[in-house]
1. Would you mind calculating the gained length between Glu245 and Ile354 on full extension (0.36 nm times residue separation, minus the Cα-Cα distance), in nm to one decimal?
2. Could you check how much of the accessible area of the chain is carbon and sulfur, as a whole percent, using a 1.4 Å probe?
3. What's the long-distance tail for region 86-183, i.e. % of Cα pairs beyond 16 Å?
4. Please calculate how many Å² of accessible area region 1-88 carries per residue, with a 1.4 Å probe and no DNA, RNA or ligand atoms counted.
5. In degrees, nearest 10, range 0 to 90: what is the angle between the Cα axis of helix 432-450 and the longest Cα principal axis of the chain?
6. In nm, to one decimal, how far is the modelled label at Ala219 from the one at Glu49, with both set 7 Å along Cα→Cβ?
7. Are there GluC sites (Glu not before Pro) in region 1-102 that DSSP puts in a loop and that have at most 11 other Cβ atoms within 10 Å, and which ones?
8. Once you place label points 7 Å from the Cα toward the Cβ at Arg405 and Ala252, how far apart are they in nm?
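The values are calculated or read from the model by the stated rules, or taken from the named source; none is laboratory data. Nothing here was measured: the structure is a model prediction, and the numbers come from that model. Using ideal geometry, Cβ is built from the backbone for each residue, glycine included, and neighbour counts are taken over all protein chains shown. Please note that ligands, DNA and RNA were not included when accessible areas were found on the heavy atoms of the full protein model with its side chains. Shrake-Rupley method; radii C 1.70, N 1.55, O 1.52, S 1.80 Å.
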Amino acid sequence: MSFDLVLFGGTGDLAWRKLMPALFQAFRHGTLPEGGRIIGVARDDLSHEQYRALIASRFGGVELAKRPSEDEFARFAAMLHFLRMDLSRPEDYARLSSMLNERQADTVVMYVATAPSLFTTVCEQLASAGLNQPQVRIVLEKPLGHDLASNRAINETVRHSFQEKQVFRIDHYLGKPSVQNLFALRFGNALFEPLWRRENISNIQITIAEDLGVEKRGAFYDQTGALRDMVQNHALQLLCAIGMEPPINAHADAIRDEKLKVLRSLKPWTAETLSQHVVRGQYTAGGVNGTAVPGYREESGVDPQSRTETFVALRTEIANWRWAGVPFYLRTGKRLASRDARIVVTFRPAPHAIFKAPMGAANRLVINLQPRDGLELHLLAQGQDNRRNAQSLSPVQLDLDFDRRFGSERVGAYERLLLDVIDGRLNLFVRSDEQEEAWRWVEPILDAWKSDAQGPRPYVAGTWGPSASSAMIAREGLCWSEEA
Ligand code: BG6
């Protein structure tokens with residue numbers, strides 16, 4: 001099968017940080033169909049050779065094991081091409097069209113990794129240039145819009161230009177091996193399903209903690225914030241994977257229908273829950289992994305008076321028969337104590353205690369997303385103390401480390417998702433109605449913040465966020481997983 005992949009934003013941050021390394025890994029693993037072209041598109045004036053050299057220089061920043069040797073890069077580079085385009089000019093799309101017509105590939109992927117403000121222009125122009133035939137697939141990066149209205153406007157334009165089955169809205173968290181393993185755990189094994197409900201589960205925590213700051217994206221991030229950047233998409237998709245009903249089959253729409261139901265069941269916000277169950281924070285100068293780092297307002301591109309949140313913690317519920325009353329805690333932030341993404345499912349304690357056991361230590365399933373990728377089942381067992389006191393139990397873990405089990409050479413999120421686009425598999429992509437529902441749910445939070453004079457609460461870089469976040473969860477007698 002032949003393919004052309006057109007990468008709008010071909011010299012941008014995402015292209016060289018994530019997409020090119022992922023495409024190279026697919027090439028190295030022999031999974032990228034042979035003879036394809038990767039056409040970088042940008043306003044820069046570059047020849048094919050200069051573009052190849054630019055991409056080669058960027059690979060210097062990639063971790064050693066994923067860096068190509070000279071020979072490998074030379075073979076990969078043969079696929080790389082460049083086209084200079086001004087994305088608002090129809091004649092430039094005509095040039096793209098003739099470049100694509102040179103070989104009439106079976107599949108043409110249009111990957112729009114540009115500023116979101118250009119999405120509608122690109123879609124409209126592609127359609128007017130006739131570049132929306134059935135063999136064309138369009139990939140849209142998040143964030144898709146700034147709020148519900150802008151998201152709808154983008155989806156409306158996309159709908160006019162492409163059929164839904166041609167549209168791949170990417171949320172790279174769905175491509176993470178750990179998230180696929182979550183689907184496998186829940187729907188490939190019968191073990192947990194009977195337990196996976198309000199009668200047995202006391203609460204669920206989803207944490208996506210980053211130790212990085214805003215890096216070189218200060219200006220973009222300052223307009224976006226953690227709620228739009230991480231909660232509206234990644235965190236809610238994880239919540240869906242945890243909370244959804246078993247789909248009737250593994251087809252894209254069966255999965256997406258179930259995720260949509262979860263989003264529709266999220267408890268609507270009230271003035272009280274907005275003030276009690278949502279905490280936003282912003283980092284101040286501190287130290288991360290032993291290195292001093294500036295505060296958010298000192299980052300380049302960020303307004304020195306900025307009220308943008310770099311941290312969000314919130315509590316919600318899925319109001320349906322399976323989950324009614326079970327708190328779901330979501331938390332994400334930049335410049336936290338460590339890079340650590342995990343989901344912790346805490347089961348209810350044994351109904352009648354005949355043993356002495358440390359409080360809150362066991363009865364947990366931990367799904368680790370990163371930096372390690374695996375599962376831990378925390379149980380109580382008779383430990384070293386068994387001679388002294390037969391009634392005393394200690395916490396132990398059943399530990400499944402997927403890297404150790406399957407090797408660390410497993411396919412990364414972008415690699416997996418790019419191959420899915422080329423092969424036309426939509427399972428791990430987000431449908432427009434899911435996205436709109438997620439925006440509908442986060443919008444009251446955005447509105448409440450607009451009129452909240454207090455602004456985000458400060459937290460020192462390298463900690464776990466503002467103290468209000470721990471206070472929120474403590475009100476229910478709980479604590480965040482790192483304190484358990
Ligand atoms: C992106 C966000 O979607 O996800 C970034 O825009 C964030 O701000 C990144 O750093 C986190 O992804 P990962 O895979 O490194 O956890």
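1. Values: separation 109, 0.36 × 109 = 39.24 nm, distance 3.46 nm.
This chain segment gains 35.8 nm when fully extended.
2. In the chain, the share of accessible area belonging to carbon and sulfur is 52 percent.
3. Working: 2809 of 4753 pairs.
Tail of the P(r) past 16 Å holds 59 percent of the pairs.
4. 45
5. Long axis of 432-450 versus the principal axis of the chain: about 70 degrees.
6. With each label placed 7 Å out from Cα toward Cβ, I get 3.2 nm.
7. Taking region 1-102 and a limit of 11 other Cβ atoms within 10 Å, the loop GluC sites (Glu not before Pro) found are Glu34, Glu63, Glu102.
8. So the label points at Arg405 and Ala252 sit 2.9 nm apart.
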